[in-house]
Each structure stands twice: as structure tokens, then as C-alpha cells.
Amino acid sequence: MDFGGGQDIRFERRGRAGVVTMTRPKALNAVTHGMVLALTRALEAWSRDDSVALVVIGGEGRAFCAGGDILEVYAAGKAGRPLFEFFADEYRLNAAIARFEKPYVALVDGIVMGGGVGVSVHGSHRVFTENAVFAMPEVGIGFFPDVGGSFFLPRLKGSFGAYLALTGNRIRWGDALWSGIATHTVRSSDSAALLDALCETGDADAAGARFAVDAPRETSDPAITTIGRHFSLEQMDHILSSLEEAADSGDEVARQALATLRTRSPTSLLVTLRALLFGGMLDMDECMRMEFRILNRMLTGHDFYEGIRAALIDKGSTPAWRPARIEDVEPAAIEAYFEPLAGGELMM
């Protein structure tokens, strides 16, 4: 089946399922604009096709999908041509997945970050294997957890979403299941059989239950307590001072989290926390409109390009954030990221 996307994404009809495979293993299945548009067209077609009971999406190689093609975004922005339309179409796709009326099963057998989260976590069934590595690391490159991060992260238990968003730390399948990111955990060796069952029966609940195994949470009880205590606070300076006090008292989890936050873009931290606080009160479409507002300001700012330069261009260098300290960020500057767009809001 050809919905576009070229060699980067494959569409098949197998039994009762529409099967999507991202086929850029050397690029860790990073999402391109063409892939976004092709998947959008496939979902539109399959939503109207009564012979398609469910949709299954996976990726070739060691990644489900490690994000968007960030170097392309960087190059376009530095050339004065920010890729606003790519993000607009990506955000519309994320919202379409969230409202898709049929089961949408993401088989996450490897790395899932950024844009990969956007095409998985909003589906009805998120199946993680022991190979899954989840992260929303955007604050580390002067960006923010987009693709619906403002919607699903505030809804995770124990303020775990704020912790993941502000640190960018990675988690495995047990933490994903406990927090609510994953709905099922299965052994990688059972992935092919699970896919066969999904295609044969069209019953995502029964197939998921048949192959599900228990994946114990990797994060310890004391660490969960620490995360909940500090990352439930609603102001960044309160989070930092709370972590500092705990770190001084010998809390190693707090010390590590504090050390990580001190390397992140101050602007990104403040924008991200505010987006999470708003997102917890908004529906998915509203979150995507808010994120598009933030995105427009990020793509015309400094820290995003500086973060990419330090991480991917001059690999291993230290980014020079502007401003460099939390206390130097003007509240009005953060407010500006959330203001209505003069050119019009994201149309869903």
C-alpha cells in the first residue's frame, strides 16, 4: 500500500490490521515530514475502512523511533527557514492518533524518544519490551517536550511526568508500565507472535493480555518518594531549592536530579514546567495549539540552536544558554512563549 513516505515508511494490510513500519534503521527511524504526511493519510483511509479493525505501528532495527530529524530542523532554522509546517503537520498527526476511534497499537521494541513518543504514546495500546528505552530529552537541547508531552506527562502518576520532562532522564519498560506510559509489557521474543495475533484476530485487548508479562518498576520506592516530593512543586525555584536541601542531607537521587537540571537550558525548564501546569487542565487539541505557540518562539530563539550545536554539531561541548541562570530569566519572556500567534493558531 502506498500512502507516500517513500522508502522511509511501509504500509501493509495483514489480516484485520493496518500495519505501519518505520524503515529508517540507520537514522533510528527519525520522523521526516514525508513520514508524518503518509501516516496521516493512512489513518484517514483506515478509519473509514470497515475491514481494518486496528492499526499497528513499529520500527525496524534497534529503535522504535528516536525522534524527529533534528539536524534538518537545525539547518533550516539557521538558514532562516524554520520548519513550522513540519511541526504543524506532526502535531496534527499526534492529535489524530489520540482521537483515532479504532485500537492503535504501538510495538515499542527499542528506543522511543521525541517524535517517536508522539506516534506511540497517544495510541490506545502502548506495548513495551525489555529493549524499550523511553525519554523526552528536549530540555537538554534548549527545546521542550512537545508532540503532546504537555498532555500526557502531567497525567502520569507521582509527578513522574514532571521529573521526566525536566531532567530528560531515560527509563525502561517497568517504569513505563508503572507510570502509565505503557499499557502492556511483553518479551521481545514474543513480538512477532503478538503481531500475528493482532493481525489474525483484530482484538488488541485479547492479544495484549495473552502475551503480557509483569515488568517490575526499576525506580526504587525511596527514589519514587523523592521524585514525588520535589517534582510536584509548581515553581522552578522551589523545585531547585527543595532538591538542594535534600541533596545536602545526603539524598543521592535529589543530588543527581539537581546536577542534571543545572545543565539544562533555564528558559526550557521554565517553559516546560509552565506547559505541564497548563497541560494538566487542557484537552489534547488545546495542548497541541499551546505547543505550537511555544514551538514558534523556540524556532526563532537562541537556546534550541545552541543546544543542537553543542550536542550534535560540536559534539560534547558545553552550551552557552541565554540567559545562563534561572534567576536571570524574565517572567515576561516566559509569558511570551504562550501568547496567541499573530499569524493564526494551529488549525486541527
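The values are calculated or read from the model by the stated rules, or taken from the named source; none is laboratory data. Please read all numbers here as calculations on a predicted model, not as lab measurements. Cβ atoms come from the backbone with ideal geometry, glycine included; neighbour counts cover every protein chain shown.
Table: residues versus (1) of a type in the set (A, V, I, L, M); (2) within 24 Å of M288 (Cβ to Cβ).
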{"site": "I57", "(1), (2)": "yes, yes"}
{"site": "A66", "(1), (2)": "yes, yes"}
{"site": "I70", "(1), (2)": "yes, yes"}
{"site": "A79", "(1), (2)": "yes, no"}
{"site": "Y91", "(1), (2)": "no, yes"}
{"site": "F100", "(1), (2)": "no, yes"}
{"site": "V108", "(1), (2)": "yes, yes"}
The helices (runs of 4 or more DSSP H) lying entirely within the stretch 155-237 that contain at least 1 residues which are under 20 Å from R62 (Cα atoms) and among the acidic types (D, E) are 173-179
Hey, among the residues in the stretch 95-104 that are of a type outside the set (V, I, T) and either free of Cβ contacts under 8 Å to residues at least 60 places away in the same chain or assigned to a strand (DSSP E or B) (or both), which one's surrounded by the fewest Cβ atoms within 10 Å (Cβ to Cβ)?
E101
Here is a check on your reading of the model: is A246 modelled with pLDDT of 95 or more, surrounded by fewer than 14 Cβ atoms within 10 Å (Cβ to Cβ), over 19 Å from S179 (Cβ atoms) and of a type in the set (A, V, I, L, M)?
no
So which of A275, A259, A212, A254 ends up being surrounded by fewer than 20 Cβ atoms within 10 Å (Cβ to Cβ), of a type in the set (A, V, I, L, M, F, W, C) and either closer than 28 Å to I326 by Cα or without any contact (Cβ under 8 Å) to a residue 24 or more places away in the chain (or both)?
A259
Has the stretch 305-324 got at least one residue that is within 22 Å of the chain's Cα centre (by Cα), buried (at least 19 other Cβ atoms within 10 Å of the Cβ) and of a type in the set (K, R)?
no
Is one or more of the residues making up the stretch 128-144 closer than 26 Å to R48 by Cα, touching a residue at least 60 places away in the same chain (Cβ under 8 Å) and surrounded by 23 or more Cβ atoms within 10 Å (Cβ to Cβ)?
no
Answer residue from the stretch 69-89, given it is touching a Leu at 6+ places or on another chain (Cβ under 9 Å) and small (G, A, S) and is modelled with the highest pLDDT among those:
A88
Check D49 against each of (1) closer than 22 Å to D203 by Cα; (2) out of contact with any strand residue (DSSP E or B) (no Cβ under 9 Å at 6 or more places or on another chain); (3) not hydroxyl-bearing (S, T, Y) and name the one condition it does not meet.
(2)
Could you say which residue among L282, L312, L295, L270 is touching a helix residue (DSSP H, G or I) at 6+ places or on another chain (Cβ under 8 Å) and part of a loop (DSSP other than H, G, I, E, B)?
L282
For the stretch 215-225, name all the residues that are among the small types (G, A, S) and either touching a Ser or Thr at 6+ places or on another chain (Cβ under 7 Å) or surrounded by 11 or more Cβ atoms within 10 Å (Cβ to Cβ) (or both).
A215, A223
Do the conditions hold for L107, that is, is it within 26 Å of S150 (Cβ to Cβ) and either outside any helix (DSSP H, G or I) or free of Cβ contacts under 8 Å to residues at least 12 places away in the same chain (or both)?
yes
